[in-house]
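Some notes on the structure that comes next.
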Amino acid sequence: MVAPPPAAIAVTTGSDAAPFRAVAQPVWAKTTVTGAGLVLIGWELWWFLVRRAKPQTAAIAETWQELTITVDGGYQPSHVVVQAGQPLRLHFDRRDPNHCLDEVRFPDFQIAQHLPNNQVTAIEFLPTQPGRYEFTCGMAMFRGVLEVQPASA
Ligand SMILES: [Cu+2]
């Protein structure tokens with residue numbers, strides 16, 4: 001079986017009717033366009049076939065700042081000072097069965113953590129922006145302040 005030859009494509013070349021006419025380009029323009037095209041093709045081949053994504057290593061928190069807050073008729077201490085840009089681990093040591101203290105919230109950090117009684121519950125987050133942030137019980141009756149200081153050097 002032999003495939004039939006492709007049908008000839010009719011091309012009309014009426015120079016009078018054609019709205020376009022050929023303009024001779026200088027050699028430097030041809031060379032530049034061709035060269036730029038070759039560079040782009042080469043870059044494309046490199047991008048898709050040669051290039052390897054650089055591996056990225058996850059940042060490892062070297063220093064945790066840790067503090068224990070006793071939950072007993074409120075928060076002790078109720079004013080906590082920490083450094084910005086350093087991961088923070090707060091240990092809430094709850095010793096008060098008052099249901100009011102079932103939960104502690106850091107609204108600015110979208111944290112609401114249940115605190116089982118007679119247990120230490122750790123809350124971890126990274127304070128990035130210096131400022132004063134309130135933390136409260138679930139009903140905002142007991143309050144404390146987390147003061148985030150600018151990172152020192
Ligand atoms: Cu409460």
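Nothing in this text is a laboratory measurement; each read-out follows from the coordinates by a stated rule. This one's a predicted model, so the numbers in the text were calculated from it and none came from an experiment.
General remarks:
- For the stretch 69-130, relative contact order (Cα pairs under 8 Å, six or more residues apart, normalised by length) works out to 40 percent.
- Considering every alpha-carbon pair of the stretch 65-149, the percent of pairs per 10 Å bin, from zero through the bin containing the longest distance, is 20, 58, 21, 1.
- Amide H contacts of Val145 (H built 1.01 Å from N, in plane; Pro and chain starts excluded): His79, Val80, Phe135 sit under 5 Å, all sequence-distant by 5 or more or on other chains.
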